[in-house]
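The values are calculated or read from the model by the stated rules, or taken from the named source; none is laboratory data. This is a predicted model, so every value here is computed, not measured. Positions of Cβ are backbone-derived with ideal geometry, glycine not excepted, and every protein chain shown enters the neighbour counts.
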């Protein structure tokens with residue numbers, strides 16, 4: 001079976017991509033956020049994952065409202081990034097872990113998750129920014145990828161409970177994947193923020209801390225709120241916590257927190273980074 | 001003809017101040033505007049819009065309300081006309097507005113005031 005080494009959870013604000021392009025990591029505005037990635041870099045150097053499974057949401061690069069899947073799993077050999085319309089540099093294509101994608105898809109559908117499968121899927125900043133943050137300075141990353149997109153734009157949205165169950169089903173799929181590959185899971189977006197309406201600029205530290213406290217030891221606590229409750233608590237785009245919840249499910253039962261960073265504000269967002277290591281990975285290292 | 005409510009009563013009854021939920025009704029109403037904004041992923045389309053805004057909006061069949069909202073660069077009016085912020089952000093980019101400019105416009109603050117308000121949230 002594949003070995004799940006841990007999970008990287010991070011905000012994916014587009015402005016972070018611009019800050020990377022301009023080399024602003026040590027700029028006073030950006031440093032408190034970028035510093036949160038030092039432990040992630042050290043951990044990745046030791047954990048050496050081969051594959052990244054990424055839970056994220058598309059912002060109108062690949063999916064439009066004409067066809068909006070609730071859950072979409074990539075099954076491509078290669079994923080292109082592209083112009084999103086507002087000037088973020090386009091990144092080099094990412095190689096897909098195609099065989100693993102189909103294995104995950106088989107397992108999800110057998111587990112009664114009626115997902116959409118995509119052999120062509122452009123990936124936007126919600127996927128590229130976390131990869132650029134995790135492996136800085138490289139044009140290519142040392143991992144192949146499986147992107148899993150969750151609808152966070154068009155209501156009705158999936159519930160937090162369903163997203164956690166989806167992640168747990170992905171965990172089972174990874175455990176039954178006959179390979180010695182090392183897998184890192186990503187959950188991207190959040191934390192609290194709202195871009196639209198008179199409440200634009202909304203941030204809720206209390207809810208964010210509730211999420212950070214419970215994500216590792218008690219992820220089911222995050223499913224007590226409905227999607228609309230989460231929008232009230234975390235802002236319209238704070239609903240991206242659904243990606244974190246799904247990614248947490250994919251890590252399995254027990255995890256250990258390696259690092260955590262929380263910083264207000266990056267652009268309009270309460271930005272956070274968290275690294276959780278699986279207990280199996282821990283035993284292997286020890 | 002009025003459209004029957006598409007959202008379940010429980011969620012439709014929910015009011016979050018200063019926040020609109022992008023539900024089926026809004027997505028139906030805003031389709032033309034959002035479709036136009038989605039086209040702005042393509043640099044050539046952004047140029048065509050800049051060259052002849054009126055013709056470009058016409059091509060996508062914007063409603064009068066949507067056309068007026070775009071002409072006045074008024075983001076709250078675009079949202080009221082069914083626009084979704086993920087797509088509207090691409091239009092705002094053409095106008096040279098980032099999400100903080102858009103936040104300031106919607107809250108009636110200057111951009112500096114809006115940024116200060118965000119910074120202050122770290123403190124309380």
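One residue stands out in region B:58-77 among those that are outside any loop (DSSP other than H, G, I, E, B), surrounded by fewer than 19 Cβ atoms within 10 Å (Cβ to Cβ) and touching a helix residue (DSSP H, G or I) at 6+ places or on another chain (Cβ under 9 Å): the one that is nearest to the other protein chains (Cβ to nearest Cβ), namely B:77.
Conditions tested, residue by residue: (1) within 15 Å of the chain's Cα centre (by Cα); (2) more than 25 Å from residue A:203 (Cβ to Cβ).
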{"position": "B:51", "(1), (2)": "no, yes"}
{"position": "B:70", "(1), (2)": "yes, yes"}
{"position": "B:80", "(1), (2)": "yes, no"}
{"position": "B:86", "(1), (2)": "yes, no"}
{"position": "B:90", "(1), (2)": "yes, no"}
{"position": "B:93", "(1), (2)": "yes, no"}
{"position": "B:104", "(1), (2)": "yes, no"}
{"position": "B:121", "(1), (2)": "no, no"}
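Counting only helices (runs of 4 or more DSSP H) wholly contained in region A:2-84, the ones carrying 3 or more residues that are crowded, with 19+ Cβ neighbours inside 10 Å occupy A:14-21, A:38-47. Of all residues in region B:86-124, those satisfying the criterion of being within 20 Å of residue A:153 (Cα to Cα), modelled with pLDDT of 95 or more and touching a helix residue (DSSP H, G or I) at 6+ places or on another chain (Cβ under 7 Å) are B:87, B:88, B:89, B:90, B:91, B:92, B:102, B:103, B:106. Look at region B:9-28: where a residue is at the interface with chain A (Cβ under 7 Å from one of its Cβ atoms) and surrounded by 14 or more Cβ atoms within 10 Å (Cβ to Cβ) and a partner is at pLDDT below 90 and part of a helix (DSSP H, G or I), sitting 6+ places away or on another chain with Cβ atoms under 8 Å, you get B:21/B:11; B:23/B:11; B:23/B:12.
Residue-wise test of (1) surrounded by fewer than 21 Cβ atoms within 10 Å (Cβ to Cβ); (2) within 18 Å of the chain's Cα centre (by Cα); (3) free of Cβ contacts under 8 Å to residues at least 60 places away in the same chain.
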{"position": "A:234", "(1), (2), (3)": "no, yes, yes"}
{"position": "A:237", "(1), (2), (3)": "no, yes, no"}
{"position": "A:244", "(1), (2), (3)": "no, yes, no"}
{"position": "A:249", "(1), (2), (3)": "no, yes, no"}
{"position": "A:259", "(1), (2), (3)": "yes, yes, no"}
{"position": "A:265", "(1), (2), (3)": "no, no, no"}
{"position": "A:275", "(1), (2), (3)": "no, yes, no"}
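Evaluation of residue B:106 against the conditions (1) at the interface with chain A (Cβ under 10 Å from one of its Cβ atoms); (2) surrounded by fewer than 22 Cβ atoms within 10 Å (Cβ to Cβ) shows that the sole unmet condition is (2). Considering only region A:182-208, state which residues are within 13 Å of chain B (Cβ to nearest Cβ), touching a residue at least 40 places away in the same chain (Cβ under 8 Å) and not in a loop (DSSP other than H, G, I, E, B). Answer for region A:182-208, where residues must be within 13 Å of chain B (Cβ to nearest Cβ), touching a residue at least 40 places away in the same chain (Cβ under 8 Å) and not in a loop (DSSP other than H, G, I, E, B): A:193, A:205, A:208. Cβ separations smaller than 6 Å between residues 6+ apart or across chains give the following pairs from region A:147-163 residues that are more than 11 Å from every other protein chain (Cβ to nearest Cβ) to residues that are part of a strand (DSSP E or B) and surrounded by 24 or more Cβ atoms within 10 Å (Cβ to Cβ): A:147/A:54; A:147/A:74; A:148/A:55; A:148/A:73.
The set of residues in region A:212-232 being crowded, with 20+ Cβ neighbours inside 10 Å, touching a helix residue (DSSP H, G or I) at 6+ places or on another chain (Cβ under 6 Å) and more than 14 Å from every other protein chain (Cβ to nearest Cβ) consists of A:215, A:219, A:222. Whether any residue in region A:225-242 is touching a strand residue (DSSP E or B) at 6+ places or on another chain (Cβ under 8 Å) and more than 27 Å from residue A:19 (Cβ to Cβ) is what I want to check. So far as region A:225-242 goes, no, none of its residues is touching a strand residue (DSSP E or B) at 6+ places or on another chain (Cβ under 8 Å) and more than 27 Å from residue A:19 (Cβ to Cβ). Somewhere in region B:30-50, is a residue more than 15 Å from residue B:95 (Cα to Cα), within 11 Å of another protein chain (Cβ to nearest Cβ), in a loop (DSSP other than H, G, I, E, B) and modelled with pLDDT of 95 or more? Yes: region B:30-50 contains one or more residues that are more than 15 Å from residue B:95 (Cα to Cα), within 11 Å of another protein chain (Cβ to nearest Cβ), in a loop (DSSP other than H, G, I, E, B) and modelled with pLDDT of 95 or more.
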